[in-house]
Amino acid sequence: MTIELDFFVEVLNTEQKTVRGCAGFAYQVITSQCEKALVTPHKLPKRYFVERARTVYRKANRAQEEDALRLCFGALFEYCAQFNDALIPPPLTLSVEQKITVINDNSPALGLVDALEEMLEVELSKKQSATTRAMLLSLLLARHAAICSKQQLNTFLSADVADLTIFKDAQFAALSLKKDRVIFDAVALRTFTLLKSLPAQATATKSISEALSSVFQRYALERHLSTQLTLTQALEALSFTTQSIAAESFSKLYTPLSDASFARAITGAGAVDGEIKTNQRAQRRRNKRTVKELMSLEKLTELFDEHSQRQLSFDARTQSADSELIHVVRKSVQAYADADEKQQRNSSAFNQLKKSLVDLLNVAYTSSRKVSFVAVAIATYITDLMLHGGNIKEKLAVSTIETYLSTLSVFACDAWSDEALLAEAQESHEALEELSEDVADTLSELADASKQSTALGFLQYLSQTTRIKLFDANELEYLGAGTCETRAHYIPSQDLNGACESFLSKANTPERWQFVIFAQLAYCAGLRRKEASLLETSDVSIELKALYVTRLIKRKTLKAVRRFPLCLLPLDLVERLESYIGERERIGRDTLFDDYVLSALNDDFMQALRTKCANENLVFHSLRHSAANNLVFQLSLCCSPQLKAYRDSVFFLKADILSDKQLERVTQELEALGRPPNNFFATLDTVAQMMGHVSPVVTATSYLHLLDVLFFMKNSLRSQSLSTDSMASLLPDTNYRFDFKKRYEATRGLREAEKLLFKTFTRGLPEAHVFETQEVLPEQRVKQSSPTFSDYLTELTHYKTVSNIHFDNALREHFEECAASIDICFLQEKPFTSKIWVSLVDTLSMATWSARNTKAISTLSKTSSQGVITRLRDAERHLRALNLIGLSQSKVTLYLPDESRSEQAKKWAVMIKKLGFTVLPVTDDNQKGASIASKPHGLRWPLWRYLPGILCILTSYLNFQQNVSPVEQS
């Protein structure tokens, strides 16, 4: 069979129109270079495609031709590989997108910058009109706050002094804007407050522009510069030299913390009585659906419930209902572009487009034809983008919409074509994991970063608008394909330590210590939860100083397989980890952590963490977000030692992981690897590698939330001081100005000067919120008072199963006396490797064993095997013991002989309710008096059948406690 043009037309069928049009070109090139593959695919040498790849790709003169050749050449290889397994795939060629460098020909001339700097220096110390002073202050603010456009300046001028938060010890302020937060140094803070004190007419941009033109002329003529200077050009020039180069690239890319979380990270104090507003940048798309006929878009959330027989998977065949729907959407958008070249949103053509798209969706939602759910979702998303715009841009061009439509059609075809898997994923978590893996692989195979961004945007849209399970967001992030949801969370190291202390204070058990090590390792190494839970003891090599993340389930992308240097972990955690691994190996455990222990204690730990951080939105994945930020600051402090000066004043920088000792360990390790930390060190790439991300873009956009602080700290050019007279001109004309001059001239070093400026310029700001940095208290080690039930159970198991182990003398004597009579064989049964057993052990370890509770357990040991309990006192102790083992709020069957003994029935019922149980009365004439069933009604507790053996061990533990130390009396 000879391959013809139709083969390549089908390959490019779902691509953009410009790429589809290159099918003939690709066929012609491949025919001339690979004729044998078209005619006799089974007779090719194994390097046939490798040797011809470069020649084929060189024939392309345009990006569209290159894309078409790559796709067609790859498809031809896949076809030929069916006949010859030995064929080696050809290398891919990817077009490189050229970006304008930060410093380029369009950058402001340095002569202009010098002229503006001189103008500020000279004119600020003069007495000026309100308009001229407003112009000078605006330019000074632009210099210190990186304002580079009139729109930004207007945003700043429209803010209020009450929007300021003063971080007294950190010596900077934060201004909360609508969608952002800007950090002010002392000069910017003073300039902003002076501008707010001027008349509104003087701070209008038109007035500022006129004053600039008037004042700047003399300075321009002296330097032979053009006198035609716009306000935007002046703002760009002054902010150009003071804005960090990294800030230029990432300032609009990363997601900042909420104001409350930011204040806690900087000072260690939370917002008091709602004092700090939360201005976290919204992650969800703006909801602007106000037109009544667009309400049909919301039906996407109910689509599967109403049409349970509707096909889920996308059908990309040419004549399918899905392809026809996508084709009609594309034709409608193209018709609008043809009718209105300017693509205006208030034209009749746009109104016609809106009507046609909404009508089309209504038909797709209600039609009995087999239009799949995925196809309807794509059509809905594209309609939403066309009518309402995206996150960043409200009006998207038709060409962009067509590109999105083509990209999503190809993506859906590759990711969601298995109907059986999609249907099973709605009920099975294992199937959902497999489906998420397919989605992650499809994302990874999208060669263009813009296409990946398009697909991730669609996934985010689906996660917010439908209950249909097309992927698991957490699983998708684990698979390294990026995240469709961004949580701007950061947990200071001190808060994590405090949460761990609180968690251990409830019960200092081995299980709780295991979870603490699990959480601390995830926090410091940035491990995903599943990555950490799959670790084995052999994955941590103390000798090689490395943690290896390799044991991943169904992982095909290699980015997540990585080596994490132990030097990036705190030394005390490494020592604790070494001891913990030794203990695990001693008892014969290969895995580093027990899944059932982690599952049982997760909720309790997370509640302790949320309480400590005063943030109910934290999840376990927040630890990974925190790790990314800590790693960036750890490497930045190694590369730029001058940043260490901020550690005394910023709360999260006081952490042990950023101490001199820790930074020295990191520096020595990097130097040993031949990568000494300096200003040219690839910090973001290194952190992305440590985090296991596909690209540094994922790290920057989804995980870094404190870049504004880092940019502020690194901006040394911003801190180039004005002259003493210029600084003094920002103060009122009083005797204090003279005193300030003397003190300012006497300062030594930049930090001392900033401290004086900040102290001076923050006076008289009663409307601003002021925070002081909290002192870091020494870590409180949880003291081990006496063995908990968990400790006792562990030691008993070791005594009976492992030889040559050292025990405490009192414990050894106790075991020698009673261990022979205790059976622990039942602990090997399946229920004892579950979260239910861990929860029970944790509950018993936290219990207070007073004499009253001890008697209750003793009674339960006798009554649990009885069917009925007839004595009221025994019944009360029995139920109290059920409370102690975590079986409260159950239903208790109360047997009553007849209704004549109402007083007796009332007495029993009151006792049952008082202990937290529900009464289930049953009339039984065979009973002489009231009684209760020993087993709660309808109890499905897998450990009940083993209760006698558990109580035997517990009773032995209580006897040991009585002999070692006095038992607390009730």
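The values are calculated or read from the model by the stated rules, or taken from the named source; none is laboratory data. A quick note: this is a predicted structure, and the numbers were derived from the prediction, not measured. Reconstructed Cβ throughout: ideal geometry from the backbone, glycine too, with neighbour counts over all protein chains shown. Protein only, heavy atoms only, side chains kept; ligands, DNA and RNA dropped before computing areas. Shrake-Rupley method; radii C 1.70, N 1.55, O 1.52, S 1.80 Å.
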All positions within region 372-405 that are surrounded by fewer than 22 Cβ atoms within 10 Å (Cβ to Cβ) and touching an Asp or Glu at 6+ places or on another chain (Cβ under 8 Å): H388
Those residues of region 931-948 which are open to solvent by less than 20 Å² (accessible area, probe 1.4 Å) and touching a residue at least 60 places away in the same chain (Cβ under 8 Å), in sequence order: S931, I932, A933, S934, L943, L947
Single match in A247, A316 (criterion: surrounded by 12 or more Cβ atoms within 10 Å (Cβ to Cβ) and at pLDDT 80 or above): A316
Hits in region 158-176 - residues which are under 21 Å from L238 (Cβ atoms) and open to solvent by less than 20 Å² (accessible area, probe 1.4 Å): A159, F172, A173, L175
Residues located in region 26-50, provided they are more than 17 Å from L92 (Cα to Cα) and outside any loop (DSSP other than H, G, I, E, B): Y27, Q28, T31, S32, E35, K36, A37, L38, V39, P41, H42, K43
Lone unmet requirement of (1) without any contact (Cβ under 8 Å) to a residue 40 or more places away in the chain; (2) touching a Ser or Thr at 6+ places or on another chain (Cβ under 6 Å); (3) open to solvent by 40 Å² or more (accessible area, probe 1.4 Å) for Y57: (3)
Selection from region 817-835 of residues that are aliphatic (A, V, I, L, M) and touching a Gly at 6+ places or on another chain (Cβ under 9 Å): I822, I824, L827
Scan of region 791-845 for residues that are more than 12 Å from S956 (Cα to Cα) and assigned to a loop (DSSP other than H, G, I, E, B), ordered by number: V802, S803, N804, I805, H806, F807, D808, I824, E829, S834
Residue in region 163-175 that is part of a helix (DSSP H, G or I) and on the phi < 0 side of the Ramachandran plot present: yes
Set L663, L670, L722: member being farther than 26 Å from A488 by Cβ, part of a helix (DSSP H, G or I) and open to solvent by 10 Å² or more (accessible area, probe 1.4 Å): L670
Candidates S207, S129, filtered to the one that is modelled with pLDDT of 90 or more and under 22 Å from L731 (Cα atoms): S129
Extreme residue, most open to solvent (accessible area, probe 1.4 Å), among residues of region 177-221 that are among the charged types (D, E, K, R) and in contact (Cβ under 8 Å) with a residue 40 or more places away in the chain: K178
Residue within region 558-565 that is open to solvent by less than 50 Å² (accessible area, probe 1.4 Å), assigned to a strand (DSSP E or B) and of a type in the set (D, E, K, R) present: yes
Identity of the residue in region 6-39, of a type in the set (S, T, Y) and at pLDDT 90 or above, that ends up nearest to the chain's Cα centre (by Cα): Y27
Residue list for region 539-550, restricted to those being over 17 Å from M691 (Cβ atoms) and in contact with a helix residue (DSSP H, G or I) (Cβ under 9 Å, 6 or more places away or on another chain): V540, S541, I542, L544, K545
Residue list for region 861-886, filter: within 45 Å of the chain's Cα centre (by Cα) and either of a type outside the set (A, V, I, L, M) or more than 14 Å from A933 (Cα to Cα) (or both): R880, A881, N883, L884, I885, G886
Checklist (1) surrounded by fewer than 17 Cβ atoms within 10 Å (Cβ to Cβ); (2) of a type outside the set (S, T, Y); (3) in contact with a helix residue (DSSP H, G or I) (Cβ under 8 Å, 6 or more places away or on another chain) applied to Q607, failing item: (3)
Tally of residues being open to solvent by 20 Å² or more (accessible area, probe 1.4 Å) and out of contact with any helix residue (DSSP H, G or I) (no Cβ under 7 Å at 6 or more places or on another chain) across region 643-653: 1
Tabulated pairs, region 661-684, first farther than 9 Å from C567 by Cβ, second assigned to a loop (DSSP other than H, G, I, E, B) and basic (K, R), C-beta under 8 angstrom, 6+ apart or interchain: F681/R675
Residue list for region 137-157, restricted to those being in a helix (DSSP H, G or I), among the polar types (S, T, N, Q) and open to solvent by 10 Å² or more (accessible area, probe 1.4 Å): Q151, Q152, N154, T155
Looking only at region 1-25, and only at residues there that are assigned to a loop (DSSP other than H, G, I, E, B), of a type in the set (V, I, T) and in contact (Cβ under 8 Å) with a residue 60 or more places away in the chain, the one that is surrounded by the fewest Cβ atoms within 10 Å (Cβ to Cβ): I3
Hey, A23 assigned by the TED database to the domain that holds L71 and farther than 15 Å from L87 by Cβ or not: yes
